[in-house]
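The values are calculated or read from the model by the stated rules, or taken from the named source; none is laboratory data. Quantities reported herein were computed from a predicted structural model and do not represent experimental measurements. Heads up, the Cβs are rebuilt from the backbone with ideal geometry, glycines too, and the neighbour counts pull from every protein chain shown.
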Amino acid sequence: MGGVALIRDGQPVAEVGLASKETHSRRLMVIIKWLMQRLGSDWSDLDLLAVSLGPGSFTGLRIGLATAKGLAFALGLPLIGVPTLDALASHVVACKGDLVCPVLDARKSQVYTAIYQIRNFGELEKISPYQAIFPEELAAFVPYDQRVLLLGGGLLLYLDIFVNGLGDQAVIVPNHMTHVRAASVGILAELRWQKDRRPDDFKTLKPIYVRLSEAEENKLALQEQESLL
């Protein structure tokens, strides 16, 4: 799943979202150029670039971030990275005090997740770290007897486990809000830019992987085996 959006004054002017087998490297710049051409926009019209940082597909994150960094360097534009779980959690409108829990498929029978709480004026505050956990562990991270709104692709795989673990605490957000939207990433980046005008350093900005890649895990396992010999 990938997407591109153009934001103006906190509102999406246009957005394209695609779920296809074609890799980001083959479609991302094509979609960006097409979207701008359809809107009659030029590179000089842009003031800020935003990119989703993950957690998510390691390859997809690297391609998205490399593209954003290249554009930021070439165009001389500020760049802001937005955690993917933050963008997904922002889809929810809830009451003050409610908890929001986005869950994304992390493969290996795990989900990426974090817990957020609704504060004044509907603002979200992250109250847990980004983490990769087994679905059965989620209930232990949710305060007892507190309502939690669940959304994200992880629900499609582990809904029964979440409901059994959380019982009446769980509120299931509709499936049409499952995927992270490029517009949500852009809107959160614009809000942050309006607050402090401090972009990220595109030279040092990195994806949020949460856990090691399979190659890194295999390397560590091999090193441990060698140390025992």
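Considering region 134-156, and only residues there that are surrounded by 16 or more Cβ atoms within 10 Å (Cβ to Cβ) and aliphatic (A, V, I, L, M), the residue that is modelled with the lowest pLDDT turns out to be Val142.
Going by what's in this entry, would Ala66 be described as more than 15 Å from the chain's Cα centre (by Cα), under 30 Å from Leu212 (Cβ atoms), in contact (Cβ under 8 Å) with a residue 60 or more places away in the chain and not assigned by TED's automatic domain parsing to the domain that holds Asp160? For Ala66, the condition - more than 15 Å from the chain's Cα centre (by Cα), under 30 Å from Leu212 (Cβ atoms), in contact (Cβ under 8 Å) with a residue 60 or more places away in the chain and not assigned by TED's automatic domain parsing to the domain that holds Asp160 - is not met. Looking for something of a type in the set (A, V, I, L, M) and farther than 15 Å from Val163 by Cα - is there at least one such residue anywhere in region 117-126? Yes. The residue list Asp105, Asp98, Asp47, Asp86 contains one member that is in contact with a Gly (Cβ under 7 Å, 6 or more places away or on another chain) and of a type outside the set (Ser, Thr, Tyr), which is Asp105. Residue-level check: of (1) part of a loop (DSSP other than H, G, I, E, B); (2) assigned by TED's automatic domain parsing to the domain that holds Leu28, Pro129 misses just (2).
The set of residues from region 86-133 being of a type in the set (Asp, Glu) and either closer than 18 Å to Leu159 by Cα or surrounded by 16 or more Cβ atoms within 10 Å (Cβ to Cβ) (or both) comprises Asp86, Asp98, Asp105.
Which members of region 42-55 meet the condition of being assigned to a loop (DSSP other than H, G, I, E, B) and under 20 Å from Leu191 (Cβ atoms)? Break it down stepwise before answering.
Initially, region 42-55 is screened for residues assigned to a loop (DSSP other than H, G, I, E, B), giving 42, 46-48, 53-55.
Answer for region 42-55, where residues must be assigned to a loop (DSSP other than H, G, I, E, B) and under 20 Å from Leu191 (Cβ atoms): Leu46, Asp47, Leu48, Leu53, Gly54.
Could we say that Pro102 is under 29 Å from Val163 (Cα atoms) and either touching a Leu at 6+ places or on another chain (Cβ under 9 Å) or of a type outside the set (D, E, K, R) (or both) here? Yes; evaluated as a whole, the condition is true for this residue.
There is at least one residue in region 92-103 that is part of a loop (DSSP other than H, G, I, E, B), out of contact with any Pro (no Cβ under 6 Å at 6 or more places or on another chain), at positive phi and not acidic (Asp, Glu).
One residue alone among Leu48, Leu35 is more than 20 Å from the chain's Cα centre (by Cα), aliphatic (A, V, I, L, M) and surrounded by 17 or more Cβ atoms within 10 Å (Cβ to Cβ), and that residue is Leu35. For region 56-88, enumerate the residues that are under 15 Å from Leu205 (Cβ atoms) and not in a helix (DSSP H, G or I). Scanning region 56-88 gives Leu77, Pro78, Leu79, Ile80, Gly81, Val82, Pro83.
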